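Structure, as structure tokens:
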Amino acid sequence: QVQLQESGPGLVKPSQTLSLTCSVSGDSITNPYVFWTWIRQPPGKGLEWIGAITSSGSTYYSPSLKSRTSISRDTSKNIFTLHLSSVTPEDTAVYFCKRGSGVGLTNNAGDYWGQGTQVTVAS
């Protein structure tokens, strides 16, 4: 079974960098045509696509977050990571990693989600 698990600090101070890791099992992050994706959902709001990294290492970012976002991967550990810099309380959200099928929000049979992790930005 394909499983994804987010991990990282649940509390980040304003102006710091939010860093999360997604651990993947049951699949290789080097498989072609897969977009290893980060998505978030602020309280009371809808899902927001953050960005993705492909099997070859190409990255794609939401225009609204691109200046603050970096996604990378470690193929030897089968993980990919999110770094969101200069955070504010508006970055508070549940953060999900996902095995996706393209850029942006996708909904296909081959899409798998992590359970999500709460990240709060506060002093």
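FYI, it's all coordinate maths here, none of it is from the lab. Bear in mind that the values here come from a model prediction, so they are computed numbers and not experimental data. No Cβ is skipped: glycine too gets one built from the backbone with ideal geometry, and neighbour counts run over all protein chains shown.
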Net charge, GLY104 excluded, C-beta distance under 14 Å - Lys, Arg +1, Asp, Glu -1: +1
Cα Rg over Rh - segment 14-123, Kirkwood: 0.95
Contact order relative to length of the chain, as percent, for alpha carbon pairs under 8 angstrom and 6 or more apart: 35 percent
Most to least packed among 79-92, 98-111 [average Cβ atoms within 10 Å]: 79-92, 98-111
Cut-off 11 Å between beta-carbons: net charge of the residues surrounding VAL121, Lys and Arg +1, Asp and Glu -1: -1
Viscosity 0.890 mPa s, temperature 25 °C, Stokes-Einstein D of segment 75-118 from Kirkwood C-alpha radius, µm²/s: 194 µm²/s
Cα centroid separation, segment 6-34 to segment 85-123 (Å): 9 Å
